[in-house]
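The values are calculated or read from the model by the stated rules, or taken from the named source; none is laboratory data. No experiment lies behind these values; they were computed from the predicted model shown. A quick note on method: Cβ atoms are made from the backbone with ideal geometry, for glycine too, and the neighbour counts reach across all protein chains shown.
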Amino acid sequence: MDEQMGQIEIQNIGKHYLNNRKSPRSSQDHDVLQGGKIDVLNNIDLEMDDGDMTCFLGPSGCGKTTLLRIIAGFEKPTKGNVYINSKPVTHPDASCIFVFQQSGLLPWMTVKENVGLGVRKLKSDEEKNSRIQEYLEIVELEGFEEHYPHQLSGGMRRRAELARALVINPGMLIMDEPFTGLDFMTHMKMREEVVNMHEYFKKTTIVVTHDIDDALIMGDRIVIFSERPSTIKFDKKIDFPRPRNFERHPELNKLRSELYFMLGVPYAV
Ligand SMILES: Nc1ncnc2c1ncn2[C@@H]1O[C@H](COP(=O)(O)OP(=O)(O)OP(=O)(O)O)[C@@H](O)[C@H]1O
Ligand SMILES: [Mg+2]
């Protein structure tokens, strides 16, 4: 299988939406509806190296999902360009970018069939089956091949979805709040799994999270966006060795307090 690269260049991206609504959706929208126009992203410049995991943080509604959709080719920017491996993004390309969704599994297909969607282009059944099995083992779902999504726990469903993403071997992975709705322990376990997976596969990965600790434990880099119209407010490489631990790395703890403060919480809890 060819090794896919995942180098991303975001150049001067701007995005506004034209809104035809007569009245704002919420009182918060009053200040941003100027003649029905919502300015979301403003002059975003970012370069992401192949293999890096970058975590995006920022207030709700600042445009993180919009930026991910632009990178993945689902949405056109109002200005600027995105280049993946030096080629401009014009449309979605699943072999290049896989967007990890919270409920991306097809409910009428078994785990094996869902993961198999990623290898349907392979000719031999033997090769398909061995790839599916390999990835189900990686996410510790062996024995659940014939289960349907509704027969799995929330954490198992996310792991199946992760296997489905990785089996495609895309150049990069995009994860928009991948741990939302998981209980605390499943969240911790799944986070560890994503970190291990990243250490192993070294895919270029973007993770949007509202959880500062997730970003500090996972990211090779943390990017924080401002309120809308969003600009980059903070951008830092995080090169602490993994597995990371706040007690073992006082510097990480210090950065944690700074980020909490920056995001409007006066002290880290
Ligand atoms: N298709 C659309 N049409 C009009 N406005 C939109 C559209 N999609 C998003 N928006 C607006 O763009 C802004 C940014 O939305 P976006 O979903 O990117 O925010 P976000 O940072 O991902 O927020 P959250 O953290 O809550 O997920 C919001 O004000 C939203 O209302
Ligand atoms: Mg979002």
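For a quick check of your reading of the model, give me the residue pairs whose first member lies in the stretch 228-254 and is buried (at least 16 other Cβ atoms within 10 Å of the Cβ), whose second is acidic (D, E) and assigned to a strand (DSSP E or B), with beta-carbon atoms closer than 7 Å and at least 6 apart or on different chains.
Here the result reads R228/D39; P229/D39, each pair linking the stretch 228-254 to a residue that is acidic (D, E) and assigned to a strand (DSSP E or B).
Yes/no per residue for (1) more than 14 Å from the chain's Cα centre (by Cα); (2) surrounded by fewer than 19 Cβ atoms within 10 Å (Cβ to Cβ):
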site	(1), (2)
D39	yes, yes
G51	no, yes
L57	no, no
G61	yes, yes
T65	no, yes
L68	no, no
I71	no, no
P77	yes, no
Y83	yes, yes
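Going by the structure shown, is S60 small (G, A, S) and either away from ligand 1 (no atom under 16 Å from the Cβ) or over 24 Å from I238 (Cβ atoms) (or both)?
Details: small (G, A, S): yes; either away from ligand 1 (no atom under 16 Å from the Cβ) or over 24 Å from I238 (Cβ atoms) (or both): no.
Spelling it out, it is not the case that S60 is small (G, A, S) and either away from ligand 1 (no atom under 16 Å from the Cβ) or over 24 Å from I238 (Cβ atoms) (or both).
Does the stretch 183-196 contain at least one residue that is more than 22 Å from E134 (Cα to Cα) and at pLDDT 95 or above?
No: zero hits.
Just one of E177, E145 is among the acidic types (D, E), out of contact with any Gly (no Cβ under 7 Å at 6 or more places or on another chain), closer than 24 Å to I70 by Cα and at pLDDT 90 or above; which is it?
When all the criteria are applied, what remains is E177.
Considering (1) over 18 Å from the mean Cα position of the chain (by Cα); (2) surrounded by fewer than 18 Cβ atoms within 10 Å (Cβ to Cβ); (3) at pLDDT 90 or above, say which one S124 fails and leave the rest.
Going through (1) over 18 Å from the mean Cα position of the chain (by Cα); (2) surrounded by fewer than 18 Cβ atoms within 10 Å (Cβ to Cβ); (3) at pLDDT 90 or above one by one, S124 breaks only (3).
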